[in-house]
1. Cα gyration tensor of segment 48-152, axes a ≥ b ≥ c as square roots of the eigenvalues: rounded (a/c below 1.5), prolate (a/b > b/c) or oblate?
2. Run the paramagnetic zone check for Glu95: 7 angstrom along Cα to Cβ, then residues of segment 107-131 with backbone nitrogen under 20 Å.
3. Can you tell me the length gained on complete extension of the stretch Asn112 to Val138, counting 0.36 nm per residue apart and subtracting the Cα distance?
4. If I compute solvent accessible area with a 1.4 Å probe over the protein chains, what percent of it on segment 55-143 is carbon and sulfur?
5. Give, in nm to one decimal, the length gained when the segment between Thr104 and Tyr122 is fully stretched (0.36 nm per residue of separation minus the Cα-Cα distance).
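The values are calculated or read from the model by the stated rules, or taken from the named source; none is laboratory data. Since we're looking at a predicted model, the values are computed, not measured. Backbone-built Cβ (ideal geometry, glycine too); neighbour counts: all protein chains shown. Just the protein is used for accessible areas: all its heavy atoms, side chains included, with ligands, DNA and RNA removed. Shrake-Rupley method; radii C 1.70, N 1.55, O 1.52, S 1.80 Å.
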Amino acid sequence: MNKRLVFATALVTGLLIGGFGGKSWAEGVSSLRGDRDIAEESMDPDLKRWQPDREPIPRQYVQQPPLIPHAIKGYKINIKFNKCLTCHSWANYKEKGATKISQTHFTDRDGNVLANVSGRRYFCTQCHVPQVDAPPLVENEFTPVQALKQHH
Ligand code: HEC
Ligand code: HEC
């Protein structure tokens, strides 16, 4: 270590010990919520009116993960169990009248086609989202690409 570095290190250490008197870094820092515990304020987010189950929702662009046209409250997805696959897997979709998961969901990131859903497609709600009956937060003039426009 050269002399300057030793000096700088000593200076910083001195400032830390002297300036903060060894107090915890977090002390005095408060979030926008204040110092209240999250659990004190959080509520079951069931304030929203989830849309009732319905027909598949038209897609807006190619490669869009289709929106979920039904409620998913209480549908667990964890390491042992995936509620979505009880209806959408290739084994179950026919009996449940659900759309079978896309073949792309079996391909891992290196392009290998697996026998089961790829890890990167396991957490369905990372990409597929249910819909609420609420006014849009911002105005949106997006229109679907011509190829996907539905003709009535
Ligand atoms: C109890 C059975 C069941 C479960 C569980 C279920 N779904 Fe569905 N899902 C359906 C049915 C039935 C449809 C509608 C199929 C139709 O009408 O063509 C559907 C439709 C969908 C669609 C629309 C497909 C499209 O082509 O537009 C998506 C996306 C979807 N579900 C995702 C999910 C996800 C994600 C989960 C888990 C959080 C889930 N589903 C759990 C039965 C289920
Ligand atoms: C990383 C994002 C991502 C994840 C995670 C994901 N999907 Fe998808 N999904 C997509 C996209 C994008 C499409 C449309 C393009 C395609 O078929 O790959 C799609 C298509 C679908 C479709 C429609 C297939 C069809 O033939 O029209 C169903 C049903 C579906 N996914 C269900 C699921 C279920 C169930 C899971 C969880 C096991 C899941 N997806 C996880 C992105 C995702």
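1. prolate
2. 116-117
3. Here the segment from Asn112 to Val138 would lengthen by 5.3 nm.
4. C and S atoms contribute 55 percent here.
5. Length difference between fully extended and current span is 5.3 nm.
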